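The values are calculated or read from the model by the stated rules, or taken from the named source; none is laboratory data. Here the structure is a predicted model, which means the values were calculated and not measured. Cβ coordinates were reconstructed from backbone atoms using ideal geometry, including for glycine residues, and neighbour counts include every protein chain displayed. Side chains are part of the model used for accessible areas, which takes the heavy atoms of the whole protein and leaves out ligands, DNA and RNA. Shrake-Rupley method; radii C 1.70, N 1.55, O 1.52, S 1.80 Å.
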Amino acid sequence: MRTEIVILQQPMSVCVPPNHEVTLRVQAIGTGALKYQWFDKQQTEVAGGTEPELTVSLHRSGKYICRVSDLYCNYQFTEWVKVRILDEPGVSRMWRGEPHIVIHPISQTVKPGETFTLKCTALGKPAPAYQWYRNGRILPKQTTETLRIENTSADTVGSYLCAVSNILEERWSEAAEIEIAPPDQQPTPTLMATDKVALLIGNLNYNHHLGLMAPIMDVHELANLLQQLGFRVVSLLDLTLPEMQAAIDKFLQLLDRGVYAVFYYAGHGYENSGRNYLVATDAPRPYRTENCLCVQRVMQSMQERKAQLNVILLDTCRKWYKQKGPSSEIKPLAPLGNTVYGYATSEDAEAFEVQDGGKSTGIFTKYLNKHVLKPERVTHVLEQVSEDLGKDPLVRGRQVVEIRHTLTEPRALTDPVRTSGHTMELRQRDACWKQANVLPGRRSLDFPYCAVKVELSFSALFSNVLVVFGTVRNTSAKAQDCTLILESEPQMQDIFSGSGRSEEMDSLLVKSGETPDCTLRLCCLQRLQVQGLFVFEMKNRGIDLKF
């Protein structure tokens, strides 16, 4: 009994980079041995294409079809399949064929009644399917690479993104914001960031150099202001050179295209051969380039991540120091038009600390904090800082702000963060951020002998300074004779215990409306190699109990 030829599995179209090896497959059943012949888009037989599988490696797109026949002159053709070639050199050699988006839709501002077009294109094996969404809701029948919307109105504006999927994975494009331009005005693009991150470092306790006072308050206040602007802020105090380099490496992991990045440093610094160097707390005397962090090398690393805006703010001296040995060699990158330098002082000059209302501050950061929240181009903000500092009688003629930039767009630190969209880069940054910025939750401990309960809460004064608050909750009359003492094991250096520093910071340690019975500051957490332990000591009527 003869069986009609049936195609069980059709070959699947693919979209791949040039010269990427692709295997097309067909599966069929019929009577007796089946024969296969593949044809190209000119319907010419493919040499050697006589097997159920056809492996090709193309530099331009092509189409193929397979004829399946038996010994009784019966035959069936498969569907036409396309091997689409897109020139995308950035695909990893380990790519398995999951969707890889090479063209993302672009935000637009259009006039009412006009037509706008969005495009999303991706590589994939098999070729990915497309589904468009508006404001998180599926758009029926919009399942091609190109989305065309006619007669733009209030009902069609919003956030558009495209889900791209195949049998291996689903990925989302970046979101495109569609806005309607005001009447009789030229459409102007809305400048936005995909994320905003900042790294703030303040060095004050030096092993071999004069200690400083200002970095504590300067870093703390600027961190709070940047957080108000939507920045993810990492603020660190007293770092050695390896710790500074490690902090930079972690910071760079948060940068990507579309991200606004701010790097701020307060502490000792100098210039050598046109390079700026930041002095680590363990740097020996005299300064040497190999013991310090090169600012230009940091900037190069930030530019390699292709962030949308890079801002370098240095509240440090720039005195020239001639040293033996080569200066840092840095190969210039192509101009990106996204960089701003704000120097607290000019070349071969010092940057000064001042007393302002009973607290120490760098005078550059004092005026920076005054203007940083303004919704203006970041270079305009720094110009206002320069003007205010130039009028200050304490430093007039001794310290002048220097501003350099390559901006080609009016980017501002107040630009909004685009919250729509589900990009892989954003999910990776979220995971990296959460690993380093999760505080312990509120804890409650029972001390049966004293008949009291101790409540612990935690606050991050800086990213490497944790404050533990201990409060005794009375449960009986015995609690009135108890004293709570908090200690850590191993003991962590308290960088606020120096003369004058503790008083400045005390107001930051107590939560509003609550006065703890005991406070413990855990500083320089980056040096903790093992999990820390707390020792809780309750003194009750001359008896010490430790838990």
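Taking R0 as 60 Å, what's the FRET efficiency between Thr406 and Thr519 from their Cβ-Cβ distance, rounded to 0.05?
0.85
Give, in nm to one decimal, the length gained when the segment between Lys82 and Lys453 is fully stretched (0.36 nm per residue of separation minus the Cα-Cα distance).
Gain in length upon complete extension: 126.5 nm.
May I ask for the net charge around Asp70, where only other residues with Cβ less than 14 Å from the Cβ of Asp70 are counted and Lys, Arg are +1 while Asp, Glu are -1?
+2
Points 7 angstrom from Cα along the Cβ direction at Ala460 and Arg67: gap in nanometres?
Going by the 7 Å Cα→Cβ label model, 6.8 nm.
Which semi-axis lengths, in whole Å and largest first, follow from the square roots of five times the eigenvalues of the Cα gyration tensor of the range 195-434?
Output for the range 195-434: semi-axes of 26, 21, 18 Å.
Can you give me the % of accessible surface on the range 100-180 that is carbon or sulfur? Probe 1.4 Å, all protein chains present, nothing else counted.
After summing per-atom areas, the C and S share lands at 50 percent.
From the cross-link list Lys41/Lys141; Lys41/Lys125; Lys322/Lys370; Lys196/Lys370; Lys119/Lys141; Lys125/Lys196, which pairs have alpha carbons spaced over 24 Å apart?
As for pairs spanning more than 24 Å Cα to Cα, those are Lys41/Lys141; Lys322/Lys370; Lys125/Lys196.
Using the eigenvalues of the Cα gyration tensor, what equivalent ellipsoid semi-axes result for the range 6-85 when each is taken as the square root of five times the eigenvalue, whole Å, largest first?
Semi-axis lengths for the range 6-85 are 24, 12, 10 Å.
Please list the radius of gyration and Dmax for the range 131-249, considering alpha-carbon atoms only, with Å as the unit.
23.4, 70
Taking the convex hull of the Cα atoms, report for the range 100-180 its projected area averaged over all directions, in nm².
The Cα convex hull of the range 100-180, projected and averaged over all directions, gives 4.8 nm².
For the range 222-309, just list the percent of Cα-Cα distances falling in each 10 Å bin from zero outward, please.
15, 45, 33, 7, 0
Suppose the chain between Gln43 and Thr483 were pulled fully straight at 0.36 nm per residue; how much longer would it get relative to their current alpha carbon spacing?
Roughly 149.3 nm would be gained on extension.
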